[in-house]
Amino acid sequence: MKIEVWTDIMCPYCHIGKIHYEKALRRFDHANEVTLEWKAYQLNPDLPDKGKGIPVKQYLTEMAGYSEENVDNMIAGIKRLADEAGIPFALPNAIAANTRDAHRLIKLAAEKKLDSVVLGKLSKAYFEEAKDYSDWKLLVSIGKEAGLEEGEIRRMLDSNDYLYEIKQDMQEAANLGFDTVPTFLMDRRQAIIGSEPVDLFVKVLNKAYSDWKNRTEKDASPGPEVTRGKSCDADGMCEI
């Protein structure tokens, strides 16, 4: 059963959602039959890159146009979820930056089946450590920690590799009608949009698997059944 996940590093619910999904997968009896593909989504492709990111609170108030009260409420809500999940929290000091090169590193890592590892380290750097994930030094360090060679990482960064694939991922999300992240799409029949509790992930995984095993080739897809949780939209604003 194929699971596709659209995610962006600067989305805090994506970090929490990934952790919840992985916990659910450990409770899912058929995890060995799951094929996972991470898809790129950029909440704001116009943010600065190469280590020139800006404080996330400044980005949300000055660039995205949200009030300080709304931003503070959003951060407080995300902190509650992080505390419940036992995840360290540094979002008030986080850096908003262009995620393009981070997504390209994930694409490179996918060729060696290291994409989940790299994505986890990038998300941790943003959400838990308030590091600028667009900084090439950080990208090289994370790639090497995950098992990639420094030379191949630097060659990729100096090229245009995977830019087309990122655009294709985002276009595919648009074609499917998704414009928020994270979006977990299971067998193109079940979708979880946002960060849901582990128990719900397990429930949807089991339903998607049962449908997948019992469906015949002739069954037409009715479109995914969607479960919605907390997510971030294309403006970079996350639900409270």
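Worth pointing out:
- Global form of region 77-124, assessed from the alpha-carbon gyration tensor, a/c cut-off 1.5: oblate
- Relative to the longest principal axis of the Cα atoms of the chain, the long axis of helix 163-176 makes an angle of roughly 50 degrees.
- Computed [θ] at 222 nm, helices only, for the chain once each DSSP H run of length n ≥ 4 contributes -39500 (n - 2.57): -14000 deg cm²/dmol
- Peptides 128-137, 144-153, 25-34, 69-78 ranked from most to least packed, by the mean per-residue count of other Cβ atoms within 10 Å: 128-137, 69-78, 144-153, 25-34.
- Region 121-226 - Rg and Dmax from Cα coordinates, angstrom: 18.3, 50
- Convex hull of alpha carbon positions in region 1-67: directionally averaged projected area 6.0 nm².
- Percent carbon-and-sulfur accessible area, the chain, ignoring ligands, DNA and RNA, probe 1.4 Å: 46 percent
- Remark: region 124-204 carries 46 Å² of accessible area per residue (probe radius 1.4 Å; ligands, DNA and RNA excluded).
- Heavy atoms of the protein chains alone define the surface here; on that basis region 58-116 has 47 Å² accessible area per residue at 1.4 Å probe size.
- Karplus (6.51, -1.76, 1.60) ³J(HN,Hα), θ = phi - 60°, over region 188-193, in Hz, Gly and Pro reported as x: 6, 10, 10, 10, 10, 9
- Where both bridge residues fall in the chain, DSSP classifies roughly 60% of the beta bridges as antiparallel.
- Distance from region 1-52 to region 166-204 (C-alpha centre basis), Å: 9 Å
The values are calculated or read from the model by the stated rules, or taken from the named source; none is laboratory data. Quick caveat, the model's predicted, so the values are computed rather than measured. Please note: Cβ atoms are built from the backbone with ideal geometry, for glycine as well, and neighbour counts cover all protein chains shown. For accessibility, only protein heavy atoms count, side chains too; no ligands or nucleic acids. Shrake-Rupley method; radii C 1.70, N 1.55, O 1.52, S 1.80 Å.
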